[in-house]
Amino acid sequence: MENKLNINFYPGHMAKARRQIIEDLKLIDVVIELLDSRIPVASRNPDIAEITKNKKRIILLNKSDLSDDKVNQKWLDKLSKEAPTLLTDSNSGKGIDKVVKKIDEIMEEEKQRQAARGRVNKTIRVMILGIPNVGKSSFINRISKKTTMEVGNRPGVTKQKQWIRISKTQELLDTPGVLWPKFESQEIALNLAFTGTIKDDLIERVEVAFELLKILEREYLNNLKERYKISDEEYDAIKATANPTYELMRLIGKKRGALVSGGNVDDEKTARIILDDFRNCKIGRISLEKP
Ligand SMILES: Nc1nc2c(ncn2[C@@H]2O[C@H](COP(=O)(O)OP(=O)(O)O)[C@@H](O)[C@H]2O)c(=O)[nH]1
Ligand SMILES: [Mg+2]
């Protein structure tokens, strides 16, 4: 646990998951790459392009209810050059209908090729890929409307692939492919920590909250002021100190009553408040990465 931000500790497990994905892909026509719209770079496994290189692919920027709409549009523009890209919210279901339509669209040409060879109505087979916590299970539950999810739990059939019919033309593999993120930089590791993809007990919470606050102060200051009822005068006073971000953190702690006996600010408790508020969208819709 002292080994903070270094959690690549089970390569054997990862290699096995990767082999399984490559095996499963033989059955698949279209891959859905699920990303967290707040951190499309950090939530992307860099090997995915290689793993899926002969497959049709669509990209979903999930948790779009939590991210900044202006930034979402920019990511849509950028990623669409690589593959068809859509915004989804797997909690409410917003954007999910468009996924089925988009898959039919990108398979249209292939379908006509098959029809010319006498194969009509071949079912399109789809699979989800993504790192932990991006919303793969939520997405599958949403798109399958919970109709056939339980089938695979019968004893004796658990080894068999289960397909969930998601439209007249499409079936989805019921188990998503889980790829691990790569901690290619401190920035990526921090973004994964902010969003809760890396568990807090593996990391230094106060440091992580401090780093998040730095970004929020720079990019979303008005959201912060509003959430924690910080006046312009209070913020100006903080700005004049030697370590404004730390003073901001202390002010937030004070405002929220996160104090230790004696009246000093409880940094650990304050860190928890800031991280929870961010993750629960209480500071507003925030994007941590921009194209
Ligand atoms: N706000 C929001 N939360 C989501 C969305 N999709 C998933 N979640 C939440 O993110 C967490 C991880 O989701 P889960 O489906 O288990 O992710 P998985 O590890 O990829 O299967 C859960 O708390 C979900 O409720 C979404 O589109 N919006
Ligand atoms: Mg899951």
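Residues in the stretch 262-276 carry Karplus couplings, in order, of x, x, 6, 6, 8, 4, 4, 5, 4, 4, 4, 4, 5, 5, 4 Hz; the curve used is 6.51 cos²θ - 1.76 cosθ + 1.60 with θ = phi - 60°, and Gly or Pro positions show x. According to the Cα-based calculation, Rg over Rh for the stretch 11-178 is 0.96, with Rh computed by the Kirkwood formula.
Which residue fluctuates the most in the chain, going by a Gaussian network model with Cα springs under 10 Å, if the choices are R19, R57, R142? Highest fluctuation of the listed residues: R19. In the Gaussian network model of the chain, springs joining C-alpha atoms below 10 Å, which of N141, N243, N45 carries the largest mean-square fluctuation? Looking only at N141, N243, N45, the biggest GNM fluctuation is shown by N243.
At what distance in angstrom do the alpha carbon centres of the stretch 231-291 and the stretch 119-136 lie from each other? One Cα centre to the other: 41 Å.
In the stretch 11-178, taking the dipole from charged Cβ atoms about the Cα centre, the farthest positive-side position among P40, I143, V71 is held by I143. In the full protein context, the stretch 11-178 carries 54 Å² of accessible surface per residue, based on a 1.4 Å probe and ignoring ligands, DNA and RNA.
With angles folded into 0 to 90 degrees, how steeply does helix 69-80 sit against the dominant principal axis of the chain? Use alpha carbons for both and round to 10. The answer is roughly 40 degrees. Across the stretch 61-68, coupling constants 3J(HN,Hα) worked out from phi with the 6.51/-1.76/1.60 Karplus curve, θ = phi - 60°, read 8, 8, 6, 5, 6, 9, 9, 6 Hz, and Gly and Pro carry x.
Quick one: net charge around K239, please, counting Lys, Arg +1 and Asp, Glu -1 for every other residue with C-beta under 13 Å from its C-beta. Net of charged neighbours comes to -4. Just to be sure I understand the curve: with the Debye formula and one point per C-alpha of the stretch 167-251, what is log10 I(q)/I(0) at q = 0.26 Å⁻¹? Here the Debye-derived log intensity ratios amount to -1.27. The residues of the stretch 204-279 have, on average, 53 Å² of accessible surface per residue, using a 1.4 Å probe with all protein chains present.
Quick one: net charge around S287, please, counting Lys, Arg +1 and Asp, Glu -1 for every other residue with C-beta under 11 Å from its C-beta. Cβ neighbours under 11 Å give a net charge of +1. In the chain, the portion of solvent-accessible area held by carbon and sulfur atoms comes to 48 percent [1.4 Å probe, whole percent, DNA, RNA and ligands not counted]. Rounded to the nearest 10 degrees, the angle from helix 96-116 to the longest Cα principal axis of the chain is 30 degrees. Net charge dipole, the stretch 37-105: roughly 160 debye, given to the nearest 20, about the Cα centre with Cβ charges of +1 for Lys and Arg and -1 for Asp and Glu. The Kirkwood radius of the chain, taken over pairs of alpha-carbon atoms, gives through the Stokes-Einstein law at 37 °C and 0.692 mPa s a diffusion coefficient of 156 µm² s⁻¹.
The values are calculated or read from the model by the stated rules, or taken from the named source; none is laboratory data. What you see is a predicted model, and the numbers here were worked out from it, not measured in a lab. Note that we place each Cβ from the backbone using ideal geometry, even for glycine, and neighbour counts take in every protein chain shown. Accessible surface areas use protein heavy atoms only, side chains included; no ligands, DNA or RNA. Shrake-Rupley method; radii C 1.70, N 1.55, O 1.52, S 1.80 Å.
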